[in-house]
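J.: Can you read through this structure? Questions will come right after.
The numbers here are math on the coordinates, done by the rules we state, and not lab data. Since this is a predicted model, take the numbers as computed values, not measurements. Heads up, the Cβs are rebuilt from the backbone with ideal geometry, glycines too, and the neighbour counts pull from every protein chain shown.
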């Protein structure tokens, strides 16, 4: 089984990429590829730019990565209660090529932030919207207060209760 994981943030030290990487590592017998959103930087989407250059090659490459997956692990950054602009831009470019951006792939959808709500607003938005774009959201997970609940050096959730919660969710997927 191939897992594509990514944090929907352009931060070089993305806490969402760290969470997605850790969650993907929990799956047994899986080949994991972690994408870096910075490798998919494109001009700000507009129909005028699309008319000039056509479908962007990086959007095509992102969709090819999604297509190669058997399962997606996505952790969303929350910027002012919504997706990061960088993720939204990749999503916009991709959706012009294939409205089913997530290609009916099963997905573990997550969010984290330094705050106590852990990205709850963006997780709720995505949980409701992503199925319209081809995501088969099998489960969601929210990690509040990232800095207090994640050990960066060990690359794992340090709060035993939250770590066990994530492991139970992943084990319940039967993958």
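J.: Could you state the angle between the C-alpha long axis of helix 160-172 and the longest principal axis of the C-alpha atoms of the chain, as a value from 0 to 90 degrees rounded to the nearest 10?
T.: Helix 160-172 sits at roughly 60 degrees to that axis.
J.: Top mean-square fluctuation among 66, 157, 49, Gaussian network model of the chain, C-alpha springs under 10 Å?
T.: Residue with maximal mean-square fluctuation among 66, 157, 49: 49.
J.: What length, rounded to one decimal in nm, is gained on full extension from residue 38 through to residue 13, with 0.36 nm per residue of separation minus their alpha-carbon distance?
T.: Details: separation 25, 0.36 × 25 = 9.00 nm, distance 1.11 nm.
Residue separation times 0.36 nm, minus the Cα-Cα distance, leaves 7.9 nm.
J.: What number, rounded to the nearest 500 deg cm²/dmol, is the helix-based mean residue ellipticity at 222 nm of the chain, given -39500 (n - 2.57) per DSSP H run of at least four residues and division by all its residues?
T.: Details: 7 runs with 71 residues, N = 175.
It lands at -12000 deg cm²/dmol.
J.: At q = 0.15, 0.19, 0.22 Å⁻¹, what log₁₀ I(q)/I(0) does region 1-101 have when each alpha carbon counts as one equal point scatterer in the Debye sum?
T.: Listed by q, the Debye log ratios stand at -0.60, -0.92, -1.16.
J.: How long is the gain from residue 171 to residue 140 if the chain were fully straight, where each residue apart is worth 0.36 nm and the alpha carbon distance is subtracted? Each step should come with its number before you reach the end.
T.: Values: separation 31, 0.36 × 31 = 11.16 nm, distance 1.30 nm.
The residue 171-residue 140 span can extend by a further 9.9 nm.
J.: With N set to the number of residues, divide the alpha-carbon radius of gyration of region 50-152 by 2.2 N^0.38 Å and report two decimals. Present the calculation step by step, with values, prior to reporting the outcome.
T.: Working: Rg = 14.5 Å, N = 103, 2.2 N^0.38 = 12.8 Å.
Ratio of Cα Rg to 2.2 N^0.38 Å: 1.13.
J.: How tilted is helix 85-97 with respect to the longest principal axis of the chain? Cα atoms for both, answer in degrees (0 to 90, nearest 10).
T.: Helix 85-97 sits roughly 50 degrees off the main axis of the chain.
J.: Hey, another quick one. With labels modelled as points extended 7 Å from the Cα through the Cβ direction, what inter-label distance (nm, one decimal) is found for residue 64 paired with residue 160?
T.: Here the answer is 4.7 nm between the modelled labels.
J.: Return the whole-Å distance between the Cα centroid of region 95-128 and the Cα centroid of region 1-52.
T.: Answer, in whole Å: 12.
J.: Now a separate question. Report P(r) for the chain: all Cα-Cα distances, bin width 10 Å, range 0 to the bin holding the largest distance, values in whole percent.
T.: Percent of pairs per bin, in order: 10, 41, 36, 11, 2, 0.
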